[in-house]
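The block underneath contains the structure these notes are about, expressed in structure tokens.
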Amino acid sequence: MKFTPVGEGKNLIEGFCLIKNVDKKTSTKGDTYLDMMLSDSEGEINGKLWNYNENVHGVYDANTLVKIRGSISPYNGVDQLRIERIRPVNSNDGVKIEDYVKSADYDCSAMYNEIFSIAENFNDKELSLLVTTVLNDRRLALLYWPAAFKLHHAIRGGLLMHTLSIVRLCKSICAVYPFVNEELLISGAILHDIAKTEEFEVADSGIATGYSVKGNLIGHLAEGAIIVRETALKVGVSEETSNLIEHMLLSHHGDPEFGAAVRPMFIEAEILSELDMLDARIYEMKEAVEGVEVGEFTGRLWSMDNRKLYNHGKSDLTKSTILF
């Protein structure tokens with residue numbers, strides 16, 4: 001983690017970090033303390049604030065950016081941070097939340113503008129109007145929203161990163177198969193996860209903290225189709241165009257076993273479903289393999305059909321997704 005040594009001979013460090021979770025506990029001696037998991041973009045560490053006094057130290061919640069001072073020492077073979085001072089970050093600190101949580105590889109405004117520009121320049125004016133209206137309505141959320149609660153692209157800006165990756169894949173597919181309707185395919189790609197802005201509860205950090213009531217009761221496939229239908233009616237897009245996009249959203253999980261309301265029933269819907277799975281799995285596999293040494297296997301991953309993955313060492317996993 002990005003801590004800086006302070007003082008001389010005191011073994012103290014200082015720095016900014018995000019509180020991932022925090023619990024108020026009581027020690028065996030009856031003293032109150034805070035047990036925290038602290039993180040930044042480079043890693044995480046358990047921290048303890050002993051002899052906690054709410055009036056002295058303040059109140060802290062998960063997904064709060066703080067400045068801390070303390071010392072690190074091993075405990076049961078794992079580094080632990082003993083916190084001596086803690087306070088919330090203020091405007092004078094000059095820190096950005098993106099630097100202290102895992103974030104998309106690229107600036108969210110740039111990704112949004114790229115996606116919007118593509119839709120804005122469609123030849124099909126109905127698709128252009130429908131997609132740009134939905135994007136405009138959800139711009140502020142899209143600038144930091146994750147693509148998942150857990151698993152693929154569950155990071156700040158992950159929804160735009162996942163979306164733009166698929167849009168770029170769509171363009172490559174259409175270069176190979178010129179009979180595919182590129183603008184229809186890209187429209188489905190841009191909107192396929194748009195209702196995740198309704199599905200999750202998300203902190204200002206850009207990390208999902210859970211599912212919303214709507215997310216639990218309806219889910220992003222059905223809610224996405226509702227958003228498309230309501231927007232089409234509002235701006236005067238034809239029912240035929242709306243039906244095609246709604247079907248792509250309802251079917252993009254491919255199989256009812258994985259949440260799809262129907263299976264894909266035309267070429268562009270099928271391609272979207274396959275590309276969505278491809279991008280998600282590539283991200284998850286890269287994340288998993290990064291965590292093991294060359295020549296080693298990961299543990300079994302339930303999201304990968306309980307497979308173990310092998311790090312052969314022939315890939316440069318430090319490279320970012322190429323979106324620009």
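The values are calculated or read from the model by the stated rules, or taken from the named source; none is laboratory data. Just so we're clear, the structure is a prediction, and the values are computed from it rather than from any experiment. With ideal geometry, Cβ positions are generated from the backbone for all residues, glycine too; neighbour counts draw on all protein chains shown. Ligands, DNA and RNA are excluded from the accessible area calculation, which covers all protein heavy atoms including side chains. Shrake-Rupley method; radii C 1.70, N 1.55, O 1.52, S 1.80 Å.
A residue that is assigned to a loop (DSSP other than H, G, I, E, B), in contact (Cβ under 8 Å) with a residue 24 or more places away in the chain and not hydroxyl-bearing (S, T, Y) occurs nowhere in region 161-173.
If the condition is being free of Cβ contacts under 8 Å to residues at least 40 places away in the same chain, part of a helix (DSSP H, G or I), in contact with a helix residue (DSSP H, G or I) (Cβ under 9 Å, 6 or more places away or on another chain) and open to solvent by 30 Å² or more (accessible area, probe 1.4 Å), then region 176-207 contributes E182, E198. Residues of region 272-324 that are β-branched (V, I, T) and within 19 Å of G43 (Cβ to Cβ): V289, V292, T298, T318.
Here is a check on your reading of the model: is E54 out of contact with any helix residue (DSSP H, G or I) (no Cβ under 8 Å at 6 or more places or on another chain) and more than 28 Å from G291 (Cα to Cα)? Here the answer is yes, as E54 does meet what is asked. Checked across region 289-300, the condition of being in a helix (DSSP H, G or I) and loosely packed, with under 15 Cβ neighbours inside 10 Å holds for at least one residue.
Quick grid of which residues meet (1) outside any helix (DSSP H, G or I); (2) touching a residue at least 60 places away in the same chain (Cβ under 8 Å):
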residue: E223; (1), (2): no, no
residue: S242; (1), (2): no, yes
residue: G254; (1), (2): yes, no
residue: E268; (1), (2): no, yes
residue: S273; (1), (2): no, no
residue: S303; (1), (2): no, yes
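Residues in region 35-60 that are touching a residue at least 40 places away in the same chain (Cβ under 8 Å) and closer than 21 Å to N90 by Cβ were compared, and the one that is surrounded by the fewest Cβ atoms within 10 Å (Cβ to Cβ) is S41.
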